[in-house]
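Asker: Dropping the structure in here first, questions after.
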Amino acid sequence: MKIKIKSRFDNNKVLVSGKYENIKECLEKNKGTNLQGANLRGADLWGADLWGADLQDAYLRDANLRGTNLQGANLRDANLRGANLRGAYLWGAYLRGADLQGAYLQGAYLQGAKGYLDSHDFFQEVVRQQKIDTFTQKEWSIIGQIIVHRLCWDSIKKRFNKSAMGIFKKLKKVGFNEWEKKYDTEIT
């Protein structure tokens, strides 16, 4: 099958083209290629090996990335709205500015991801993966407000001051230190 992956910013710019069995094979064989801005909306990439792929600014809305190896992938500013990331491996993946709203992250391996600091959806899934007794009732209340109202750092600081720090310290203990670092500098 002839496959052409175009830029979402310039429809005349072809990032990759050639004969492949499917889009998954095309991406796997070209993962060292600059795929920044690739338009991959709704692509079925179930189980693909995209280790180290440069998918900055890629349009992956509603894509099936279930079980995909995204270890070390650059997903900065990628649109992953509604993407299925169940069981995806994100160790070392760079997520700064990635839009994960509505993405299905349940069962995704999130440990070691980077740049997740401002993602409420990533925060929600990390918290969800913790044991229920990890947090106090007060902390659960704070977590709920952060998630439901999608509070920014200034709002978290104003509403909760040091009360929220316990949440971020607990998440740091399980390998997610970006929130604790940020909050520590915000409240001091």
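Asker: Hey, does segment 4-26 have a residue that's closer than 16 Å to residue 71 by Cα, of a type in the set (A, V, I, L, M, F, W, C), crowded, with 18+ Cβ neighbours inside 10 Å and in the same structural domain as residue 71 (by TED's automatic domain parsing)?
Answerer: Checked against the condition, which is being closer than 16 Å to residue 71 by Cα, of a type in the set (A, V, I, L, M, F, W, C), crowded, with 18+ Cβ neighbours inside 10 Å and in the same structural domain as residue 71 (by TED's automatic domain parsing), segment 4-26 yields no hits at all.
Asker: State yes or no: is residue 160 within 22 Å of residue 79 (Cα to Cα) and part of a helix (DSSP H, G or I)?
Answerer: Against the criterion (within 22 Å of residue 79 (Cα to Cα) and part of a helix (DSSP H, G or I)), residue 160 does not qualify.
Asker: Given the criteria among the β-branched types (Val, Ile, Thr), at pLDDT 95 or above and either closer than 21 Å to residue 15 by Cβ or surrounded by 21 or more Cβ atoms within 10 Å (Cβ to Cβ) (or both), does residue 68 qualify?
Answerer: Working: among the β-branched types (Val, Ile, Thr): yes; at pLDDT 95 or above: yes; either closer than 21 Å to residue 15 by Cβ or surrounded by 21 or more Cβ atoms within 10 Å (Cβ to Cβ) (or both): yes.
Taking the combined requirement at face value, the residue satisfies it.
Asker: Looking at segment 22-39, can you tell me whether even one residue there is part of a strand (DSSP E or B), farther than 30 Å from residue 173 by Cβ, at pLDDT 95 or above and not charged (D, E, K, R)?
Answerer: So far as segment 22-39 goes, yes, one or more of its residues are part of a strand (DSSP E or B), farther than 30 Å from residue 173 by Cβ, at pLDDT 95 or above and not charged (D, E, K, R).
Asker: Does residue 160 satisfy being farther than 22 Å from residue 47 by Cα, buried (at least 16 other Cβ atoms within 10 Å of the Cβ) and either outside the structural domain of residue 37 (by TED's automatic domain parsing) or touching a residue at least 24 places away in the same chain (Cβ under 8 Å) (or both)?
Answerer: Details: farther than 22 Å from residue 47 by Cα: yes; buried (at least 16 other Cβ atoms within 10 Å of the Cβ): yes; either outside the structural domain of residue 37 (by TED's automatic domain parsing) or touching a residue at least 24 places away in the same chain (Cβ under 8 Å) (or both): yes.
Yes, satisfied.
Asker: Among 60, 75, 55, which is the only one that is within 21 Å of residue 128 (Cβ to Cβ) and either surrounded by fewer than 24 Cβ atoms within 10 Å (Cβ to Cβ) or under 16 Å from the mean Cα position of the chain (by Cα) (or both)?
Answerer: Matching residue, one of 60, 75, 55: 75.
Asker: Also, quick follow-up: Kindly establish whether residue 46 is among the aromatic types (Phe, Trp, Tyr) and under 19 Å from residue 103 (Cβ atoms).
Answerer: So residue 46 passes the test.
Asker: Report yes if residue 110 is modelled with pLDDT of 95 or more, in the same structural domain as residue 77 (by TED's automatic domain parsing) and either of a type in the set (S, T, N, Q) or surrounded by 15 or more Cβ atoms within 10 Å (Cβ to Cβ) (or both), otherwise no.
Answerer: yes
The values are calculated or read from the model by the stated rules, or taken from the named source; none is laboratory data. Keep in mind the model is a prediction, meaning the values are calculated, not measured. Heads up, the Cβs are rebuilt from the backbone with ideal geometry, glycines too, and the neighbour counts pull from every protein chain shown.
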